[in-house]
Amino acid sequence: MALVSRLKTLKQTANLKKLDNAQFNIQQMGRPFAACSSVGLHSVNDCEIIPSSRALGESSTRFMHKNGARTGGSEFDRLPVWLPMRGKGPQGNNLNFARFHSSQCAPAVPRERVECVVVGAGVVGLAVARELASAGREVWVIEGASDIGTGTSSRNSEVIHAGLHYPQGSLKAKLCVEGKDSMYAYCQENGVPYKRVGKLIVATQSQQVPLLEKMQTAGEANGVHDLRLLEATDIRSMEPELQCVKALWSPSSGILDTHTFMSTLQADAEEHGASFAFNTSMLRGAVTKRNIELHVGSTEALTPSSGKGVDAILCANYVVNATGLYAQSFARKLDGLPVDSIPASHFARGCYFSLSGVKSPFSHLIYPIPEDGGLGCHVTLDLGGQVRFGPDVEWLPELMNGVSLSTQFDYSVDPKRADRFYSEIRKYYPSLADGALQPSYSGIRPKLSGPGQPSADFLIQVSI
């Protein structure tokens, strides 16, 4: 009952007593039902599955119960078996059920029709689920982990970007600028903690100043009209500990509490009828002419040695792949999806180090000139004012196109990586003391471009 017990939408099972050592294949009224031969309720006499010589699926297949001493004779025909199985234990009706089926027949896997399935309960999946549910769609969200946002969504800088780093006309530029305004509005309306702390992108050498000017021009072309170039004297009045020759000031950049944000998105989605199933993964799937079939089961079933298998087949009109690090792996598991439509995947780990034993030296976000694969080893703040440095960029070529749905990513932080942090941070924060950096956490970026390649734009695909 792994999936059935997790999906709130399967309301047929809501009133079942706790079953020990039982597996049920639940269908709608009049459709096949199968059960194993060992069932335990409150008493060994509550339920007994009696095999028959008739094969599963014959036209005469139906449910019956034999009368007990207190019930008198009666027969249930075309009635879903989970209804009469709401037994009252040894003090109530004592029913014995007979299911006409072959004892050699394997239980059929239930098929459930659903309008929309969102796979992945990170920030993207949650936002999509909320939007679909708010529009009146039937939405199920399946998530392989035990909670929302356990991957990239909780392993980042928690920054609301302004939109100045991306090429004009790109999806990144368009969605960042529009998303920033929508994000602030949503946080304000829903009580999600946030703060417009502003960002300084710094040039620590004179030859970097043209890059700041180029970023300002690009940002303005994207619709970010509040950018200003600041001289060193103005910068020191804002951040006395910051050393640079010039900086680009972005006052609309900010920070937020990503965990509260995601919890609020989930609550919104559920309020509009969305259902969530955690510890649930797609084991395989297929794109058919009628719908998209997802064979789902416990996340443990991704490991062949677990002995677990498919719990249900979801037949969806729409499926949203919001699996983040696993997006390409998920797509490759869908039979019927053109393989040439699946882009190559690249991964880059980024580590963060926290500042310990020192009062926070900064009150704004501090970013160096962007580097290959990232935005540089920058200063981020949490809403309590604590400082973190990072992330750096560590490409993981061994994972390129080698990630499966069962891959476990390594989020450890090697303390030795602090050596490079000290040298990079001291370019703009020369007062950083030895031993002040402590390993904090890491995240892994799913990317469409690899080392040395131009940064790829977002890719949103629709397969009809």
Check: Per residue Cα convex hull volume for region 289-402, in cubic angstrom?
Finding: 202 Å³
Margin query: Along its three principal axes, how long is region 149-190 when you only count alpha carbons? Whole Å, largest extent first please.
Written below: 31, 26, 13
Checklist line | For region 333-464, average projected area of the Cα convex hull in nm² | finding: 10.4 nm²
Notebook entry, point to check: Which of the trypsin sites (Lys or Arg not before Pro) across region 342-411 are loop residues per DSSP, with 11 or fewer other Cβ within 10 Å?
Noted result: K359
Next item on the list: Kindly report the accessible area of region 228-279 per residue (heavy atoms of protein chains, probe 1.4 Å, no ligands, DNA or RNA), in Å².
Entry: 42 Å²
Checklist line | Table column - 3J(HN,Hα) (Hz), region 132-144, Karplus curve with 6.51, -1.76, 1.60, x for Gly and Pro | finding: 5, 5, 5, 8, x, 7, 7, 10, 10, 10, 10, 9, x
Next item on the list: Go from 0 up to the bin containing the longest alpha carbon distance in region 130-289, width 5 Å each, and give me the % of pairs per bin.
Entry: 2, 8, 13, 14, 16, 14, 11, 8, 6, 5, 3, 1, 0, 0
Check: Counting only residues 5 or more places away or on other chains, whose amide H sits under 5 Å from the amide H of R111 once H atoms are built in the peptide plane?
Finding: I313
Next item on the list: Divide the volume of the convex hull of the Cα atoms of region 277-354 by its number of residues and quote the answer in cubic angstrom per residue.
Entry: 142 Å³
Notebook entry, point to check: Non-local amide H neighbours of H378 (under 5 Å, H modeled in plane, Pro and chain starts lacking H): which ones?
Noted result: G390
Item checked: Backbone HN-Hα couplings from phi across region 284-301 [Karplus 6.51/-1.76/1.60, Hz, Gly and Pro as x] -> 6, x, 7, 9, 10, 5, 8, 6, 10, 9, 10, 8, 10, x, 4, 4, 4, 5
Next item on the list: Could you work out the relative contact order of region 152-198, using alpha carbon pairs under 8 angstrom and six or more residues apart, expressed as a whole percent?
Entry: 25 percent
Next item on the list: Grab the alpha carbons of region 386-452, take their convex hull, and tell me the volume per residue in Å³.
Entry: 130 Å³
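The values are calculated or read from the model by the stated rules, or taken from the named source; none is laboratory data. These numbers were taken from a predicted model, which means no experiment stands behind them. Positions of Cβ are generated from backbone atoms using ideal geometry, with glycine treated the same way; all protein chains shown enter the neighbour counts. Each accessible area value is taken on the protein alone, full model and side chains, heavy atoms only, with ligands, DNA and RNA left out. Shrake-Rupley method; radii C 1.70, N 1.55, O 1.52, S 1.80 Å.
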